[in-house]
Amino acid sequence: MSQTRNRGSDVLRALPQTHLLLEMPEAQALREEFSRRSLTRAVRARLGELRQEWRHKDDLLFSPGRFFAEIRARLERESRPHMCRVINATGIVIHTNLGRAPLPSQALTAVVEAAEGYSNLEFDLEDGRRGSRYGAVPELLRELTGAEAALVVNNNAAAVLLALSALAQGGEVVVSRGELVEIGGSFRIPEVIAQGGARLVEVGTTNRTRTKDYEAALGPETRAFLKVHQSNYRITGFTAAPPLADLVTLAHGHGLPVIEDLGSGTLIDLPALGLPHEPTVREIIKAGVDLVTFSGDKLLGGPQAGLIVGRKALIERLKAHPLLRALRIDKLNLAALEATLRLYRDADRPQDRLPVLSMLSQDIARLESRAHSLAEQLSAQGWDARVEVGQAEAGGGALPGAAIATRLVTIGHADVTGLARRLRLCRPAVVARLHGGRLVLDMRSVSDEEANLIAQAFRQVSA
Ligand SMILES: *Cc1c(COP(=O)(O)O)cnc(C)c1O
């Protein structure tokens, strides 16, 4: 006991005091490069660590050179932002873990403009009074979808919750058993219905549901039929779902709305881009669905947002609901969303301006030449690199089950897991996949510029 105390005072004597360290020339340089505040914090923290470590050390020799080298490494580590640029070489274009949709440059400009100073977010510049938060967005959405009215909230999960809370609270919502999906952990249709204060009435079976199943579920408490896009999974084989038109006719015959959670949703004809067909929001509205919700940052290729389009009377009920305030979209996303929707309305080829659509629709020949160019650079660095044929995915629950042809650069290495980790720790970080014992870089979700950055990252990790 007394020995430990003596040891402790030896350590204290051997370590310089904070204020003396901060006066050393090495400290001066670090203070200029970082800040007085960060330097003092780092020095105190390191001294605290040394006090513990040195209790078990024999030679108590303090080296300012080593101390300040450690302080520099610590300050560099601490000053690096946690959120950083990632090169997505997974081939999953709408990757929820990697931030979903990269924004078109027009949206970035709009975000900077809205963020830099004040804006007319809720101010009518014409008559100098309070204005609507949503500005041009509802009109753009009406034009792009043919709907009577539109509203936007924070994300699609919020859109579904708001729609159910405003239209079905205290009543029953009828959903097909094949559509009771879970999307990424915390969004499960039965739970969202319960949270909206409604009771779920399940109809049909997992694989087959018919119009008469919905009819049998109708009762005095029924408030709506809810259709949900199956998103991230597919039921194939012996399946049946009622034609949308029949469901709409049945609901309207009983004065009830049909709500559809479209998940990803698209505003343009995907087969024209060489992609599988998904009904467009306009088609769903035309089929008579009363309220459609979809995401801003999935196939749409814009910022995080929940878009709601449909009948004016229903949108008015959503607008009047107290939850709207809690679920509202922030100004930066709103600015980005307006710019994104303008591209859909005004650009000759929106697919060239929107990164998500341009990645998904890129010509295989371009991917092939990108893959060869990267493989050559990597081979020249001494890596075992090969170009292979592969299949990419849209991701984000969009186009489930659709395999999109792609080209891969695969790397053989004695420790592929370690290599993948070292690439992730580069800046920008490179996120790849592992398959068949090789590291896989998918060219569908990277640009030519990013392929060059991948080559640089490999140079760093081999160094
Ligand atoms: C993705 C998805 C959601 C959730 O959308 P967020 O914009 O992520 O909140 C809800 N429903 C379906 C069917 C989806 O695919």
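The values are calculated or read from the model by the stated rules, or taken from the named source; none is laboratory data. Please read these numbers as outputs of a predicted model, since none were measured by experiment. Quick reminder, even Gly has a Cβ in these numbers, built from the backbone with ideal geometry, and neighbours come from all protein chains shown. Side chains are part of the model used for accessible areas, which takes the heavy atoms of the whole protein and leaves out ligands, DNA and RNA. Shrake-Rupley method; radii C 1.70, N 1.55, O 1.52, S 1.80 Å.
Laid out as a table, the results:
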| item | result |
| --- | --- |
| Principal axis dimensions, region 120-247 - Cα atoms, whole angstrom, descending | 59, 32, 31 |
| With all protein chains modelled, accessible area of PHE123 [1.4 Å, Å²] | 90 |
| Given charges at beta-carbon only (K, R positive; D, E negative), |dipole| of the chain in Debye | 1540 |
| Among VAL409, ALA371, GLY396 the positive-end extreme of the charge dipole of region 365-424 (Cβ point charges) | GLY396 |
| Rh (Kirkwood; distinct C-alpha pairs) - region 105-350, Å | 18.7 |
| Accessible area of region 377-459 divided out per residue, in Å², using a probe of 1.4 angstrom | 43 |
| Per-residue [θ]222 nm for the chain (sum of -39500 (n - 2.57) over DSSP H runs n ≥ 4, rounded to 500) | -13000 deg cm²/dmol |
| Net length gained if the chain between LEU20 and SER119 were fully extended (0.36 nm per residue, minus Cα distance) | 30.7 nm |
| Nearby aspartates and glutamates by direct alpha-carbon distance to LYS312 (threshold 17 angstrom, same-chain neighbours under 8 apart not counted) | GLU139, GLU143, GLU148, GLU260, ASP290 |
| Accessible surface of HIS95 - all protein chains present, 1.4 Å probe, nearest 10 Å² | 30 |
| Average silhouette area of the chain, convex hull of alpha-carbon atoms, in square nanometres | 31.9 |
| Equivalent ellipsoid semi-axes, region 368-463, via Cα gyration tensor eigenvalues times 5, rooted, Å | 22, 14, 13 |
| Dipole of region 105-350, positive end: most advanced residue of LEU167, ILE308, ALA287 [Cβ charges, Cα centre] | LEU167 |
| Normalised contact order of the chain, rounded percent, pairs of Cα under 8 Å and 6 or more residues apart | 19 |
| Accessible surface, per residue, of region 2-79 when the full set of protein chains is kept, probe 1.4 Å, Å² | 67 |
| Mean projection area, nm², convex hull over Cα of region 165-204 | 2.7 |
| Percent carbon-and-sulfur accessible area, the chain, ignoring ligands, DNA and RNA, probe 1.4 Å | 50 |
| Most to least packed among 42-49, 391-398 [average Cβ atoms within 10 Å] | 391-398, 42-49 |
| Mean Cβ neighbour count within 10 Å, used as a protection proxy, ranking 189-195, 31-37 highest first | 189-195, 31-37 |
| Dipole of region 14-124 [Lys/Arg +1, Asp/Glu -1 at C-beta], most positive-end residue of LEU108, LEU47, ILE94 | LEU47 |
| Accessible-area order (highest first, 1.4 angstrom probe) of the listed residues ASP352, ASP124, ASP261 | ASP352, ASP124, ASP261 |
| Peptide ranges 325-333, 410-418 listed from the most packed, as the mean C-beta count within 10 angstrom indicates | 325-333, 410-418 |
| Semi-axis lengths, Å, region 2-79, gyration tensor of Cα atoms, sqrt of 5 times eigenvalues | 25, 12, 10 |
| Spatial separation of Cα centroids for region 364-416 and region 225-256, in angstrom | 38 |
